[in-house]
Structures are given as structure tokens and as C-alpha cells.
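Read the structure below first, then the notes.
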Amino acid sequence: MAFDVVQRGNGLTGWPYARRRAALEALFAEGGLTAPWVQCLSTADPAVAQEWLSWTAAGVKGLCFKRLDELYRGACDRGGSAKGR
């Protein structure tokens, strides 16, 4: 499951999350990422995110929240990111 992209020919870690997410969506749209990869759902709508929390039967265990202006800082530095269950 893909939820972010940090490399696409060049490093994208200096890009804000919104721009990296757009690059990820473009990879799927252009066929650059195909099965077994799947694109993780994304929303800026709190009501939609709240609904996703009820999807436990589908295997949803929680949500990850990212600031749209957040730069990539590595897996261990969560900075503006948060997880919720």
C-alpha cells in the first residue's frame, strides 16, 4: 500500500506532502505503479476520516494524519504527523 512518494527520478523529500501526494496519484494514473501496489485512500474531509474509523471489518486499524505543508523527515521523525484509532 502506497501513501507517500519520496523518489521519482529525483528526490522529493524537499516537497510538501500535498505535492508528494499529487506525484503519487500521478504515478498510479500514468500506470507507473500497478498491482500489487494499491494507493492508500486520502481525504481532507473530517467526516470522511471519521467514517473510515468504522471500517474495522475491512481491516482498518487506524488513520495517519499529515499536514499538507509537511516536508518528509524520515520514518522516525513524525513532526507534524499523527496517528489515530
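Brief remarks follow.
- Pair list, Cβ < 9 Å and 6+ apart or interchain, from region 1-21 residues that are more than 18 Å from residue 34 (Cα to Cα) and β-branched (Val, Ile, Thr) to residues that are part of a strand (DSSP E or B) and modelled with pLDDT of 90 or more: 13/71
- In region 1-18, residue modelled with the lowest pLDDT [restricted to those that are small (Gly, Ala, Ser) and assigned to a loop (DSSP other than H, G, I, E, B)]: 9
- Residues in region 30-54 that are over 17 Å from residue 19 (Cα atoms), charged (D, E, K, R) and part of a loop (DSSP other than H, G, I, E, B): 45 alone.
- As a summary of the residue check, residue 83 satisfies the conditions (1) at pLDDT 90 or above; (2) assigned to a strand (DSSP E or B) except for the one numbered (1).
- Residue in region 20-53 that is surrounded by the most Cβ atoms within 10 Å (Cβ to Cβ), counting only those that are under 23 Å from residue 10 (Cα atoms) and of a type in the set (Asp, Glu): 25
The values are calculated or read from the model by the stated rules, or taken from the named source; none is laboratory data. The structure displayed is predicted, hence computed values, not measured ones. Because the Cβ atoms are built from the backbone with ideal geometry, glycine has one as well, and the counts that use them run over all protein chains shown.
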